[in-house]
Structures are given as structure tokens and as C-alpha cells.
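Report on the following structure.
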Amino acid sequence: MIPRYALCTGGTRDGKRYPLHREIRPGYEFTWDGSTYRVIRRVVQTGAGPMWVATAA
């Protein structure tokens, strides 16, 4: 299954999930409410399904 969300760690959206609009790879960066996040090579299983982990850059 391809993760459709990124779980944010750190920054203004710590612990929140960010919707992904397409298949992404580790290293993908996005900005959300003034914080920039980078997707790392880690997928976690949650109650809402698998999610990439994104750390505040």
C-alpha cells in the first residue's frame, strides 16, 4: 500500500498528518503553516493506515 499521508514531527504541525496528492519519495519537501518538512525514509503504521514520516527541516 502506498502511504497517502505524511506524519509531521517537530515544527508547528507536530503530530499532524499532511495529505499527499501523489506518490512521493524520501527527500520530498513541503511547507505547511510556515514550517518546512522533509519526508524521511521511514513509514509508520497508524490506525489511519501507513504514513511517511516528515521531519521539520
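The values are calculated or read from the model by the stated rules, or taken from the named source; none is laboratory data. Values in this document were obtained by computation on a predicted structure and should not be read as measured data. Here Cβ is always computed from backbone atoms with ideal geometry, including for glycine, and neighbour counts include all displayed protein chains. We work out accessible area using only protein heavy atoms, side chains counted, and drop any ligands, DNA or RNA first. Shrake-Rupley method; radii C 1.70, N 1.55, O 1.52, S 1.80 Å.
Given contacts defined as C-alpha pairs under 8 Å and at least six residues apart, what's the relative contact order of the chain, whole-number percent? Don't skip to the answer; put the middle values down first.
Working: 120 pairs, mean separation 22.2, N = 57.
It comes to 39 percent, rounded to a whole number.
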Accessible surface of D14 in the full protein assembly, 1.4 angstrom probe, to the nearest 10 Å²? 100
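If you add up the charges near G49, with Lys and Arg at +1 and Asp and Glu at -1, over every other residue whose beta carbon is less than 12 angstrom from its beta carbon, what do you get? Each step should come with its number before you reach the end.
Values: positive: R4, R17; negative: none.
Once positives and negatives cancel, what remains is +2.
Magnitude of the Cβ-charge dipole of the chain, K/R +1 and D/E -1, about the Cα centre, nearest 20 debye? Each step should come with its number before you reach the end.
Values: 9 positive and 4 negative charges, 30 e Å.
Here the size comes out at about 140 debye.
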Computed lengthening from S35 to A48, 0.36 nm per intervening residue step minus Cα-Cα distance: 2.3 nm
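Could you work out the local net charge near P26, counting Lys and Arg as +1, Asp and Glu as -1, over the other residues with Cβ closer than 11 Å to its Cβ?
On the way: positive: R25, R38, R41, R42; negative: E29.
Here the charged neighbours net out to +3.
Taking all pairs of distinct Cα atoms, average 1/r, flip it, and tell me the Kirkwood hydrodynamic radius of the chain in Å to one decimal place. Kindly include the intermediate steps, with their values, before the conclusion.
On the way: mean 1/r = 0.0912 Å⁻¹.
Kirkwood radius, the chain: 11.0 Å.
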Counting other Cβ atoms within 10 Å, keep those with at most 15, restrict to DSSP loop, and tell me which trypsin sites (Lys or Arg not before Pro) in segment 2-40 are left. K16, R22
